[in-house]
Structures are given as structure tokens and as C-alpha cells.
Amino acid sequence: MVRKQLARGTAIVAGMGIALASPALAGAATVALWHMDETTGTTMTDSVGGHHGKLRNVALGQPGFSGTGYGFAGVGSIATVPSRADLNPGAAPFTVTLHFRTSVVSGDDSADLMRKGLSTDSARLWKIELRPNASHTAARVRCYFRGSRAAASIYASPANVADGAWHTLQCFKQNGIVGITFDGKVRTKAARVGSISNGAVLTIGAKTATDDAYPGLIDEAAFDV
């Protein structure tokens, strides 16, 4: 199978011929790329920038979007990557890309796919999450950004993404714009968020080991600036 490539801010979806490129990243570089192809151990390997992560209660070798992926079991299941300067975009444009598949709607108020920062981090953070409806029978994808000037969020259009299918997702920010690309469909909105930097670890699959946990599969995650 052809692997999804990430270069200069463009994600090529394996076997589908879909090019996902945020307008923020016409000349961007990939800072971190986690293929999630490990089948043993507790290390999540970054094939680009050495941002290796620690896995806790994550099922390896699961059927992935490309090759194998990770299975997250909900509470207690998380990947964490130490904070480094190049994972803090500041005021620069950036894009986060991942693929996910789930048929479970979290019973919590949200389920985090990927994030860096907490509400206590000088209120500067970004996150990608699934937000359930009031009855917890469906979930939508939200990209959320909170910077030095303002906060902004943007949703993908599908009313329920917990449908058991693989989905390709990008969240991005540039000067004056935030956006989301979901399965090739781009949505943007005007928002002057400002600078986003914090000392928090980058997490995949949950906010913390006990909070906003995601039940499902994730594969091929990347961070571009």
C-alpha cells in the first residue's frame, strides 16, 4: 500500500488520490510525523524530528489507515510527547493532520484526538476533539484554538463521524484564518487568534490519562509549520 506522504504542508491520502493542503501552509515543513506502525514496546516513533512519544495502554498493530495504527481504549489510554520549542508555533501558521476511525460516542463532554495545552497554560492551546450531542448518540469534529488574542473553533460539517469509517482530518491556523479539512472538504473562518505556545506535553487519544479520553483508532499523525 502506498503510504500517505506529508511534505510542504500537503497530505496525500493513500490510494485515494486526494491532496489535502491548508492555505496556511503553502511552503511549510513537517516538524513531526508519527506513522504509528509499531507492533511492540511503549515508544511512539517520530520519523522526522525525533519527537518520540510514550504510549500508555495503547493497542499496537491494529488495522490502520495505512499499514497498522493505534487502538485507544478510552480512560487510561494515551500517547504523550514531551514539549519542545518547534512544537510551539507561536504566531506562525501550522497544521495538524491525522486519520481516525470510531463507532463509539464518548460519554464525556468531549474526546480528544490530539492536543497541546491545557486551560491552565496561560489560556494558549490547540486541540482536535469529538464533541457528542446531548444524547451521546452522535459526535462532531471540532478544531479549537486559543491564543494570545482570542479563541476560535470550527466544526466539520458531518453531524456524526462515529460511523466506523476511516476519516482524514486537518486543523490549521494562519494569520486571520482558522480552518478544518475533513475528508477533502475545507471550511475556514476569519479569526485572529494570535500566538499559541505553552509548556504542556502533546497528547494523542486523550486530554490526560483520566480525562476526555477517545475510544477508537488513530493512524498517521503529523504536525507542520
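The values are calculated or read from the model by the stated rules, or taken from the named source; none is laboratory data. Computed from a predicted model, the values in this text were never measured in an experiment. Note that we place each Cβ from the backbone using ideal geometry, even for glycine, and neighbour counts take in every protein chain shown.
Cβ separations smaller than 7 Å between residues 6+ apart or across chains give the following pairs from the stretch 142-169 residues that are within 13 Å of Gly216 (Cβ to Cβ) and in a loop (DSSP other than H, G, I, E, B) to residues that are among the aromatic types (Phe, Trp, Tyr) and modelled with pLDDT of 95 or more: Trp166/Phe65. Of the residues in the stretch 82-98, at least one is aliphatic (A, V, I, L, M) and free of Cβ contacts under 8 Å to residues at least 12 places away in the same chain.
If I filter the stretch 61-75 for residues that are without any contact (Cβ under 8 Å) to a residue 40 or more places away in the chain and in a strand (DSSP E or B), do I get at least one hit? Yes - at least one qualifying residue is present in the stretch 61-75.
Reported count of residues in the stretch 173-188, each being part of a strand (DSSP E or B) and without any contact (Cβ under 8 Å) to a residue 40 or more places away in the chain, is 4.
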